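Down below is the structure, laid out as structure tokens.
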Amino acid sequence: MVLAIAKVLAYRAASGVLRVSFSRPRILVTAFLSANFAIAPGIGKGKAIMIQSSSLANKPFFRRRSTWVAVVLVLGSAGALFAYRADMTATAQAATEAKKTDKPVTLEFAAGDVATVNIQAIERTVAISGSLTPLTQSLVKSTVPGQVKKVLVREGQTVKVGDIVAEIDTTDLRARLDAAQADHEERRSRLTIAARNRDTNQALLKQNFISQNAYDQTQSTYQGSDAAVRWADAQVRMATKAMNDAVVRSPIAGVVAKRMVNGGERITPDAPIVNIVDLTRLELEASIPASDVPSVVLGQSVRFRVDGFGERQFEGKVERINPVAEPGSRAIKLFVAVPNPDNSLKGGMFAEGVVALSQTVASPVIPFSAVFEEAGQSYVFSIEDGKLAKRAVSVGQKDEVSGLVAVKSGLNEGVSVVRIRMTGLKVGAPAMLKTPTPTVKNDGVSPAPTGEKKS
């Protein structure tokens, strides 16, 4: 209670003058406080505490009491100043101690957030992308007209060379073959008669029984009959072939990519029936800048990835280079031969990869994601002695496939660098690798440490 009153008096004193009025006449008691007592704002050297009394002070009794009141107020004000000063000092000390005990937060990085500098060679590459197409494919068509009797294959079905894919009704074709054979027999008979007449006239000509003109006429008849027989032979062969072509067979080994007709449909010659592709050999058609063409040669290695296969990497070789640039992009087309023995790749898939142009000397490499840029200077954050450090680096060749970049200077093998993009990283901040959490089995029991037995 007394301390509270003292604090009130101290703050009143801070305004410059402390007054207590009893009325006239005034009794002024002034106490100048030294600067050492100026704890509260506004209390300083030259500030006065004033006590005023009333006319009752003319009486001896009240004069003595006024004096005592003034003394008490002065002493109370001084005590209030000491109390205020002690209170403020304790508050400042507590704040200082709190700052001393406030420790910085330790950054914990998972294993995937940090990369270790390794020594290896980086390839100079050029990025490519394009679609895969089967190197060999066949659009099987009908060579004869007629009604489709049945189609024996469907999309996705594997076929071998000579497998039947469709059959066409042969009723009309059989009739044409029969007619051709009958005509052939008739013409063969006429040839036989013409040959006999020619031989007879030849003997008569030798005996001068006929003229040369008569013999020449029989010879001409024979030659005409012989030509007619040969024409009839061709008609028979054509009719026979048409009969054979009514059974449509696969010309290549592969997979049926598309079926165009169904049983019961009537088709004309040259009508497409099925499309068959050979997936064992594919071709990647891609474009590269014209400036990189001088570095590309036939047989150069190509590595690429395809959507849906994760990190699986496929390989091929440059087989052809287009001699003419594309009109719009001024790029040059490359054709890459891609072996596909297991038929895992399909035609039309989109591929992204690189052509390996050359290989650099082995040097320190880090993930490109670990490199930061500031004012044209590359740098990385490394973890050294349990703290974050900032290192300026000079980077070189980048491998587009692996995402690695060569470091010319600034890093040595074995240094751990932060490979993820994070904001607010500060040099000197405590940092550590997070300890992996033990795997919990289905029974809720963690695996025992190495060398210990489970009870």
Practice item. Output the number of the condition that Val401 fails; it satisfies all remaining conditions of (1) of a type in the set (A, V, I, L, M); (2) closer than 30 Å to Ser291 by Cβ; (3) modelled with pLDDT of 85 or more. Key: (3)
Review point. Just checking, how many residues over region 116-169 are aliphatic (A, V, I, L, M) and either outside any strand (DSSP E or B) or closer than 26 Å to Asp307 by Cβ (or both)?
Key: 12
Exercise for review: Please state which of the following conditions Arg198 fails to meet, knowing it meets all the rest: (1) within 30 Å of Val144 (Cα to Cα); (2) surrounded by 14 or more Cβ atoms within 10 Å (Cβ to Cβ).
Suggested key: (1)
Check your understanding: Can you pull out the residues in region 309-323 that are of a type outside the set (D, E, K, R) and either at pLDDT 90 or above or not assigned by TED's automatic domain parsing to the domain that holds Leu279 (or both)?
Key -> Phe309, Gln313, Phe314, Gly316, Val318, Ile321, Asn322, Pro323
Study note, to complete from the structure: Residue pairs within 8 Å by beta carbon, gap of at least six or interchain, first lying in region 187-210 and in contact (Cβ under 8 Å) with a residue 24 or more places away in the chain, second of a type in the set (D, E, K, R), listed first then second, are Leu191/Asp226; Ala194/Asp226
Practice item. Report, by residue number, each residue of region 351-394 that is touching a residue at least 60 places away in the same chain (Cβ under 8 Å), assigned to a loop (DSSP other than H, G, I, E, B) and more than 22 Å from Ala127 (Cβ to Cβ). Key: Val361, Ala362
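The values are calculated or read from the model by the stated rules, or taken from the named source; none is laboratory data. Source: prediction; values computed, not measured. Neighbour counts run over all protein chains shown; Cβ positions are idealised from the backbone, glycine included.
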